[in-house]
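Notes to accompany the following structure.
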């Protein structure tokens, strides 16, 4: 199915952007904003792959965000919400792709 160009809209939020690949697949940093903006099941079959994890480090007494694939530390801090915000900025920056 081809969607007419006039029906295509790019939705970009402060923290999230959808990338539509040439093969029709879509990539994004899935946030609550994206989930609210789009009826994801209506778009077809999709999969979610976690890029990072945020866990409490008892030895360091702080929250630590790491890339799941490599274990590389992305950021850390004592307040979980702050670590999650910094983690989101890191993911959006695409520094992890380098």
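Since every read-out is calculated from the coordinates, none of them should be taken as a lab result. From a predicted model like this one, the values you see are computed outputs, not experimental measurements. Cβ placement follows ideal geometry from the backbone for every residue including glycine, while neighbour counts extend to all protein chains displayed.
Descriptive notes on the structure:
- Some residue of the stretch 61-84 being in a strand (DSSP E or B), in contact with a strand residue (DSSP E or B) (Cβ under 9 Å, 6 or more places away or on another chain), surrounded by 12 or more Cβ atoms within 10 Å (Cβ to Cβ) and touching a residue at least 24 places away in the same chain (Cβ under 8 Å): yes
- Restricting attention to the stretch 36-60, the residues being part of a helix (DSSP H, G or I) and surrounded by 11 or more Cβ atoms within 10 Å (Cβ to Cβ) number 2.
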